[in-house]
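Everything below concerns the one structure shown next.
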Amino acid sequence: MQPTPQASGLRAAPASAQGQGAAQPHPRDVLLGAQAQAGFLPVCDHYSGVEARMRKSLQLQAEMAQEFGTCVFDVTLDCEDGAPVGLESEHARLVAELAVAAAPGARVAARVHPVDHPAFANDVAVIAGEAGHRLCHIMVPKVESVDDVLLVERAIDRTSPSQLPIHVLIESPAAVHRAFEIAAHPRVQSLSFGLMDFVSAHAGAIPAHGMTSAGQFTHPLVVRAKLEIAAACHAHGKVPSHCVVTEFTDTAAMQSAATRAANELGYTRMWSIHPAQIRPILQAFAPQQDDIEHASKIIAAAADADWAPISLDGTLHDRASYRFFWQVIERAHSTGRALPLAVRHWFDAPAVASS
């Protein structure tokens with residue numbers, strides 16, 4: 001038999017739990033423990049490396065932020081694939097200039113060359129040194145171990161006081177093996193999976209089909225790698241970011257891959273390499289409106305009960321379920337979904353989560 005609120009020591013949810021929380025503690029401060037994702041990044045990370053496309057990406061970000069009421073995707077300016085050979089230094093300066101000139105509120109990042117590339121040190125010195133105050137993070141490809149992360153951390157800190165978060169790209173079987181150690185580093189904010197290099201690292205043991213939008217969800221070694229990275233991130237409160245879909249003109253393939261990454265593999269973010277991929281990613285990673293309404297009802301009632309256990313619609317809830325439903329609301333906000341009045345006030349002004 002389901003216990004009554006009185007018999008179990010629970011509070012019945014107040015009937016008037018509708019947006020009364022102006023003086024209440026912020027749910028982020030109450031609910032996000034050591035293993036809960038502490039930072040909610042936009043669900044889409046859009047990459048561009050050619051000057052015209054970088055400028056257009058920043059313009060599109062500003063336009064969509066106006067449309068959705070929040071910045072719904074990051075723009076990562078790419079040095080690794082974007083810099084012409086022999087002109088790496090000039091490209092790094094261009095990336096720094098674009099980041100500094102970005103509109104207020106823009107979320108701009110930079111992908112530098114790998115740590116063993118001759119251009120790495122200059123990339124970091126120029127980009128972090130000149131634009132560190134405007135960057136949301138530095139993305140580093142081909143990270144193999146925590147030693148690589150430490151090298152990146154030292155390089156950034158020599159040139160910028162900004163304590164920039166580090167995003168890493170896991171692209172080899174050995175790096176997948178060390179994913180939990182890499183995710184544990186406090187400056188690492190997100191791990192991404194590099195599909196193409198991962199498949200190539202297997203000397204033909206994984207067929208080319210494993211790099212396609214469909215094959216990457218069926219080959220066991222690829223799926224295992226994705227799951228390891230997602231699990232490592234969730235173990236340490238970091239953000240797992242899913243790999244690209246190269247068939248960028250195939251909207252159905254993009255939508256399917258994004259939906260499977262979100263619903264089956266535990267990813268909370270995904271790469272875009274073409275503007276046409278951004279909206280399908282937002283749609284796939286956004287909660288459904290019914291889920292948003294349900295989560296908002298529970299969180300509003302929990303706040304009015306001072307986060308004590310409650311009974312709502314015949315179901316018991318406590319901080320474990322509150323954390324889940326709060327994260328649904330956070331995801332809704334980060335994807336530009338309309339929030340019910342009962343929870344909207346928590347997003348009217350910035351709040352800092354407890355560490």
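The values are calculated or read from the model by the stated rules, or taken from the named source; none is laboratory data. Every value quoted in this text rests on a predicted model; they were computed, and no experiment measured them. Cβ atoms come from the backbone with ideal geometry, glycine included; neighbour counts cover every protein chain shown. What goes into the accessible areas is simple: the full protein's heavy atoms, side chains included, and nothing from ligands, DNA or RNA. Shrake-Rupley method; radii C 1.70, N 1.55, O 1.52, S 1.80 Å.
Observations on the structure shown:
- Residue match in the stretch 316-326 (condition: open to solvent by less than 20 Å² (accessible area, probe 1.4 Å) and hydrophobic (A, V, I, L, M, F, W, C)): yes
- Candidate set from the stretch 143-154 (those that are open to solvent by less than 10 Å² (accessible area, probe 1.4 Å) and part of a helix (DSSP H, G or I)); member that is nearest to Val223 (Cα to Cα): Val149
Each row is one residue, and each column tells you yes or no for (1) at pLDDT 95 or above; (2) open to solvent by less than 70 Å² (accessible area, probe 1.4 Å).
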site: Asp45; (1), (2): yes, yes
site: Gly49; (1), (2): yes, yes
site: Ala52; (1), (2): yes, yes
site: Arg55; (1), (2): yes, no
site: Ala65; (1), (2): no, yes
site: Gly69; (1), (2): no, yes
site: Phe73; (1), (2): yes, yes
site: Arg93; (1), (2): yes, no
site: Ala101; (1), (2): yes, no
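- Only one entry of Ala258, Ala308 meets the criterion of being at negative phi, in contact with a strand residue (DSSP E or B) (Cβ under 7 Å, 6 or more places away or on another chain), in contact (Cβ under 8 Å) with a residue 12 or more places away in the chain and open to solvent by 10 Å² or more (accessible area, probe 1.4 Å), and that entry is Ala308.
- Sole exception among (1) outside any loop (DSSP other than H, G, I, E, B); (2) open to solvent by 60 Å² or more (accessible area, probe 1.4 Å) for Phe248, by number: (1)
- Scanning the stretch 108-130 for residues being in a loop (DSSP other than H, G, I, E, B) and open to solvent by less than 60 Å² (accessible area, probe 1.4 Å) gives a total of 5.
- The stretch 263-276 - residue that is in a helix (DSSP H, G or I) and out of contact with any strand residue (DSSP E or B) (no Cβ under 8 Å at 6 or more places or on another chain) and, of those, most open to solvent (accessible area, probe 1.4 Å): Asn263
- Among the conditions (1) open to solvent by 40 Å² or more (accessible area, probe 1.4 Å); (2) touching an Asp or Glu at 6+ places or on another chain (Cβ under 9 Å); (3) closer than 17 Å to Thr268 by Cβ, the only one that Thr159 does not satisfy is (3).
- Cβ pairs under 6 Å, 6+ apart, first in the stretch 71-99 and touching a residue at least 24 places away in the same chain (Cβ under 8 Å) and part of a loop (DSSP other than H, G, I, E, B), second of a type in the set (Ser, Thr, Tyr) and open to solvent by less than 10 Å² (accessible area, probe 1.4 Å): none
- Residue match in the stretch 127-136 (condition: within 18 Å of Pro114 (Cα to Cα) and of a type in the set (Lys, Arg)): no
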